[in-house]
Every structure is written in C-alpha cells, then in structure tokens.
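Let me begin by presenting the structure, written as structure tokens, before commenting on it.
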Amino acid sequence: AEMMRLAMEYAKLTDRPIVSHCEDNTLANKGSMHRGLVSARLGLKGIPSSSESVIVARDILLAEETGGKLHLAHISTKESVEIIRAAKKRGVNVTAEVNPHHLIFTDEAIAESHYDTSYKVNPPLRTEADREALLQGLIDGTIDMLATDHAPHTWEEKTKPFDEAPFGISGLETALPALWKHLVIPGKISPEILVKAWSTNPAKRFNLPGGTLKPKGIADVVLFDPDHTEHIDEDWLVSKGKNTPFIDKELQGFPVMVWVGGKLVYQR
C-alpha cells in the first residue's frame, strides 16, 4: 500500500494516471474461478469478489489522499462498481474499464461448457448480478472505457485441467462484434456508448492524440459494418492464440477497414 501511495505521489509530477490491477493475492489464494455456488457445484477453488474490491477501495482512498490519478483495470464485481461510483461523486480522480467477456458471460458458462478453459480469466467471470452491475456502470459513466485484456495462449496450455490451465482469453479480434451482437443489437447499450468507451474516453484519460474524427487529428480509424456476420473458427482467427469462447459461434458487426496514422493497414 505504501508503494502504491508513493507511486501516485510521483506520478503527479508527470500528470499521469497509475493503472492498477486490483487483486489481493491472499484472498484470491490460487483460485481458478469466481467463488460462489457454481464453484462449489463444480468442485473448483474459488476467487472471492473481495479479492478485487478491497484493493479497489484501498487504491481509491490512496488516490483521494494524494490527489493522484488512478485508473482501474478490468473491473469485474458489483462491489467495485459501487465503490467507484461513490468515489466519483466525491470528486476522486478515478476511471475504470471493463472487458467484453465480463459483460457477456457469467460463471455459469464454465458449468454449461463442461469446464471449457476458454472461460478461465483473471479476474474471473462473476455472477449475473455482477454482470448487470458492470453493464449499468458502463451506461451511467461509472465505468469509462472498454479493454480487451487480450491474453492469447497455446492450445497445449489451455488443454490442461481447468485448475491448472493459465488464465486468459484471446479477445482482440472478436471484441467489437461480440459487444455489437450481445449488447448493441438487443438494445442494452447504445452505439454512442460503445464508441466513447472504445476511443474517445481512453484517448482523453491517457492523453493520446487519437479518439476523435476532428479535422487535422491523427487518423486512427476503424470502419465497421454493423450488419456483417462471420462464423468464428480457428482458421478465421489471425492470432496464434485460439483460446476464445466464440469458436464455432456467429458474431455480427465486423471491422472492414482500418487506418493507422492515415495509412490503410487492413481491408477485409
């Protein structure tokens, strides 16, 4: 905690945020999924929500004490959302992000898929109540942005038993169409929220030149087709990491052209 406090003090000199992966390892205690009814049913060692939320609370209090900037990575619990919401109301300089998989799946996916390690992530997939709180947090601005937490692994690593396999989803290639299909098309969030959370808000928080379509701005642009559907299989993925729960599923809303610095680098 003292190291984090000092980091916030020194980061103030450069006007930069500290990015925190909030996890109390003594509470997580080498668990492999969310601790709750599903983990008990499956016989897997669980990771409690408190392993995240107590560090969220600690780091927010340190940011409040020091006047530093804090960004919270991959928030996954309803308690964390409540703590962040209250902190923002007090004026604490804190922002937060959420991953697509935490907005789409819950710990029940592990049971329904018969221990598919593609669903093994850190922080773990939580309950339906957590998923709903994360979604509401994104809608009301408590959660500022989206991040993939892209973590590719080899086939050999992910075919180990669930409690031995590494954490991580290969999420970069499916992030936009997954959210478009599961959240935007059903009307759970607006396209405007999605755009802000992917581009404008991250650029603003981290003082990056992109994130808008303003004249003379840096031309980092993704053009996507909201009606375009694709069937995801291992051959479709460019990444060598095939550890995604979207294998053999159909998604909608894919990028068709990408420019970086005004240069066309990708065209479907």
Check: Between a first residue in the stretch 256-268 that is on the phi > 0 side of the Ramachandran plot and a second residue that is part of a strand (DSSP E or B), which pairs have beta carbons less than 9 Å apart while being 6 or more apart in sequence or on different chains?
Finding: 262/221
Next item on the list: Name, by its number, the condition in (1) in a helix (DSSP H, G or I); (2) open to solvent by 40 Å² or more (accessible area, probe 1.4 Å) that does not hold for residue 152.
Entry: (1)
Checklist line | Residues of the stretch 63-99 satisfying the condition of being in a helix (DSSP H, G or I), open to solvent by 10 Å² or more (accessible area, probe 1.4 Å) and touching a strand residue (DSSP E or B) at 6+ places or on another chain (Cβ under 8 Å) | finding: 88
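Rundown of residues vs (1) assigned to a strand (DSSP E or B); (2) surrounded by fewer than 18 Cβ atoms within 10 Å (Cβ to Cβ), yes/no style:
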| position | (1), (2) |
| --- | --- |
| 194 | no, no |
| 216 | no, yes |
| 224 | yes, yes |
| 227 | yes, yes |
| 235 | no, yes |
| 247 | no, yes |
Margin query: I'd like the full set of residues that are on the phi < 0 side of the Ramachandran plot and among the small types (Gly, Ala, Ser), limited to the stretch 128-182.
Written below: 129, 133, 137, 147, 151, 165, 170, 171, 175, 178
Next item on the list: Kindly indicate whether residue 39 is at negative phi, in contact (Cβ under 8 Å) with a residue 60 or more places away in the chain and in a helix (DSSP H, G or I).
Entry: yes
Check: If the Cβ limit is 7 Å and pairs must be 6+ apart or interchain, which residue in the stretch 48-64 that is under 13 Å from residue 92 (Cα atoms) and touching a residue at least 40 places away in the same chain (Cβ under 8 Å) pairs with which residue that is in a helix (DSSP H, G or I) and not small (Gly, Ala, Ser)?
Finding: 59/4; 62/4; 62/5; 62/8; 63/8
Notebook entry, point to check: In the stretch 1-29, which residues are part of a loop (DSSP other than H, G, I, E, B), closer than 30 Å to residue 119 by Cα and touching a strand residue (DSSP E or B) at 6+ places or on another chain (Cβ under 9 Å)?
Noted result: 21, 22, 23, 29
Checklist line | Options 211, 253: the member that is touching a residue at least 12 places away in the same chain (Cβ under 8 Å), open to solvent by less than 60 Å² (accessible area, probe 1.4 Å), assigned to a strand (DSSP E or B) and more than 27 Å from residue 157 (Cβ to Cβ) | finding: 253
Notebook entry, point to check: Which condition number in (1) over 12 Å from the mean Cα position of the chain (by Cα); (2) under 22 Å from residue 251 (Cα atoms); (3) at pLDDT below 95 is the one that residue 155 fails?
Noted result: (2)
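The values are calculated or read from the model by the stated rules, or taken from the named source; none is laboratory data. Not measured: the values here are computed from a predicted model. Because the Cβ atoms are built from the backbone with ideal geometry, glycine has one as well, and the counts that use them run over all protein chains shown. Note: areas computed on protein heavy atoms with side chains; ligands, DNA, RNA excluded. Shrake-Rupley method; radii C 1.70, N 1.55, O 1.52, S 1.80 Å.
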